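Every number in this text was worked out from the coordinates using simple rules, so none of it is lab data. Note that the structure is predicted; figures quoted are calculated from it, not measured. Glycine also receives a Cβ, built like all others from the backbone with ideal geometry; neighbour counts cover every protein chain displayed.
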Amino acid sequence: MARRILLAFYCLLTTPLALAADPTTHEFMLDNGMKVIVKEDHRAPVMVSQVWYKVGSSYEHDGITGVSHVLEHMMFKGTEKLGPNEFSRIIAENGGRENAFTGRDYTAYFQRMEKRRLEVSFELEADRMRNLTLPEEEFAKEVKVVMEERRLRTDDDPQSLTYERFNAVAFLSSPYRTPVIGWMNDLENMQAADLRRWYQTWYAPNNATLVVAGDVDPKEVLKLAQKHFGPLQPSELTPLKPRKEVAQNGLRRLTVKAPAELPYLLMGYKAPVLLGAALEWEPYALEVLAGVLDGGASARIAKHLIRDSRVAASAGAGYSLDSRLDSLFLLDGTPSEGHSVSDLEQALREQIQRVQTDLVNPEELARVKAQVMASDVYQRDSSFYQAMQIGSLETVGLGWQVGEQYLDKIRAVSAEQVRDVARKYLVEDRLTVAVLDPLPMTQAPHPPSVQGGGHAH
């Protein structure tokens, strides 16, 4: 897009699960319900350790939006044994780097360190999994940090603001309508007690996956996991309500007026993802379709909209098949000088119509597949990316083995399947269109207006 994500000796505490075809990936389950996955990569004497919790903004309800992200910040603010920011100091003293991130479907914490420092990571992560103190004075400071982050990254960024309001209209009943950082009013009224309830509910070994990738011995990783995470008590977890998106019955449009230098167009079609897709091949075909439209300088959008007709200064397409809930096939862009947002929308629609009408020729399909697969292979060269892929797939409920099948599934996509998903999903009744209407940079923005069949939130 234009803006541009197993062993009998230890069975007292662990139940080994079946090995998959990949002999370098090892999966274990501790007795308290915590899954441990080890990905061997012995090219360098380093490791990455990640703890993934099955909780993110899509788990939240109105009134406490942003609580997952605020809690992520507070995870560095002290436990019963460590004071505020001591976690980060200890990691740095051991030559490591650490950070965390919150998404719609997960919250994750990671450290990159020399392989002999793995136990340092485990000891610290196990401590803050169940022993966070959440002091009122630290919360009062940190929630203000998050509010300022929201101002800088969303409220004062016109394209981010448009994307946020677009999601709130595109999704009505799906929790994907909620911004990860939360609505400002919810942040202003958030209390430390909200975080305590969230932490006690979701931060438990039976709601977490530990992923270690790098130059490590799976048996030693398991020993250390048993030592530090094994004694932690699980939580009682209540299964989530489905919260599926209601059927869309027509085109939705919204206009966001905000101080900006340039207009911006964002289009999204409701699309299935791997988890729950009626036909397994469809998400892979949508992935290839995104590559046909926006797979580098030779792809259709770059060729026809940016270089040939010059209707777009920038434009692109995007799709992700590994969300927990159904998502969107996105197109966006900024019109070039002398062209309007309407011109750009029409040009994007023409490219969609073309792929719905004509089969992608064999040469183009082969090139697009090669680019999609090369990107995946290149990313796998990083231990951090390998761990990220394993953690995200596990946390949304797909299982890490899906990542091992990705290249074969992409290879199997046919031109007919690309055309079929374009015809089935890139249709008017599944479409939401957002337009950023620039105000002078000195003028205060007005609330977003909604036109057509959309609803403002």
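Things worth noting here:
- Residue exposure sequence - L172, L365, L436 - by fewest surrounding Cβ within 10 Å: L172, L365, L436
- V377/K144 FRET efficiency (R0 35 Å; Cβ-Cβ; nearest 0.05): 0.20
- The chain - Rg and Dmax from Cα coordinates, angstrom: 23.2, 71
- Shape descriptor for region 368-424: Rg over Rh equals 1.05 (Cα atoms; Rh from the Kirkwood inverse mean 1/r).
- Reduced Cα scattering model of region 8-228, Debye log10 I(q)/I(0), q = 0.11, 0.18 Å⁻¹: -0.60, -1.26
- Rg over Rh for region 252-452 works out to 1.00, both radii taken from alpha-carbon positions and Rh defined as the Kirkwood radius.
- Cα-based Lys pair tally, region 252-452, threshold under 24 Å, eight or more apart or on separate chains: 7
- Based on the convex hull around the alpha carbon atoms, region 108-256 presents an average projected area of 12.5 nm².
- Hydrodynamic analysis of region 64-185 uses the Kirkwood radius over alpha carbon pairs. Inserted into Stokes-Einstein at 37 °C and 0.692 mPa s, it gives a translational diffusion coefficient of 205 µm²/s.
- Which listed pairs, of K54/K244; K115/K227; K219/K241, have C-alpha distances above 26 Å, in listed order: K219/K241
- Straight-distance candidates among the aspartates and glutamates for linking to K81, with alpha-carbon spacing under 15 Å and chain neighbours fewer than 8 residues away dropped: E123, E125, D127.
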